[in-house]
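Notes follow once the structure below has been shown.
The values are calculated or read from the model by the stated rules, or taken from the named source; none is laboratory data. This is a predicted model, so every value here is computed, not measured. FYI the Cβ positions are ideal-geometry reconstructions off the backbone, even for glycines, and counts take in every protein chain you see.
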Amino acid sequence: MAERNITEGLSDRALDTIDMVVATVHDKVVRPAVVGARAVVFGMIIGVVGIAMAIFLSVGFIRLTTVYLFDHKVWISYFALGGLFCAVGAFAYRKRVAPPSDG
């Protein structure tokens, strides 16, 4: 009877140790890998949708301005969209942060 208690105690400790090791590995390795994979996938989805929306909005802007504003003179629409993109680029360029100097 005493042998059975010792072996049961050892098996319980072994199972608890295995459970603790698996939980630790899950917390330290698996969970960060899953979070990183989700970030990559959602970032790609957001990037693709953002590019598609920019293209659709640009095409819509050209179509609307060409037909309704500039009497089918598409060059004026291209000029207006180019000016808009230049203005947005200039704004972003002004908001940039200088890299730290190594000195």
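This table checks each residue for (1) in contact (Cβ under 8 Å) with a residue 12 or more places away in the chain; (2) under 23 Å from the mean Cα position of the chain (by Cα).
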{"site": "HIS26", "(1), (2)": "no, no"}
{"site": "VAL29", "(1), (2)": "no, yes"}
{"site": "ALA33", "(1), (2)": "no, yes"}
{"site": "VAL48", "(1), (2)": "no, yes"}
{"site": "GLY60", "(1), (2)": "no, no"}
{"site": "VAL74", "(1), (2)": "yes, no"}
{"site": "PHE79", "(1), (2)": "no, no"}
{"site": "ALA87", "(1), (2)": "no, no"}
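Yes/no per residue for (1) within 30 Å of VAL88 (Cβ to Cβ); (2) of a type in the set (Phe, Trp, Tyr); (3) assigned to a helix (DSSP H, G or I):
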position: THR7; (1), (2), (3): no, no, yes
position: VAL35; (1), (2), (3): no, no, yes
position: ILE45; (1), (2), (3): yes, no, yes
position: ILE55; (1), (2), (3): yes, no, yes
position: THR66; (1), (2), (3): yes, no, yes
position: ASP71; (1), (2), (3): yes, no, no
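Among the listed residues GLU3, GLU8, which satisfies the condition of being surrounded by fewer than 10 Cβ atoms within 10 Å (Cβ to Cβ), more than 15 Å from the chain's Cα centre (by Cα) and either modelled with pLDDT under 90 or over 24 Å from ALA80 (Cα atoms) (or both)? Show your work before the answer.
Working: GLU8 fails: surrounded by fewer than 10 Cβ atoms within 10 Å (Cβ to Cβ).
Sole residue among the options that is surrounded by fewer than 10 Cβ atoms within 10 Å (Cβ to Cβ), more than 15 Å from the chain's Cα centre (by Cα) and either modelled with pLDDT under 90 or over 24 Å from ALA80 (Cα atoms) (or both): GLU3.
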Original post:
Does THR17 count as surrounded by 10 or more Cβ atoms within 10 Å (Cβ to Cβ) and under 34 Å from the mean Cα position of the chain (by Cα)?
Top reply: no
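So is ARG96 surrounded by 10 or more Cβ atoms within 10 Å (Cβ to Cβ) and charged (D, E, K, R) or not?
On the way: surrounded by 10 or more Cβ atoms within 10 Å (Cβ to Cβ): no; charged (D, E, K, R): yes.
No.
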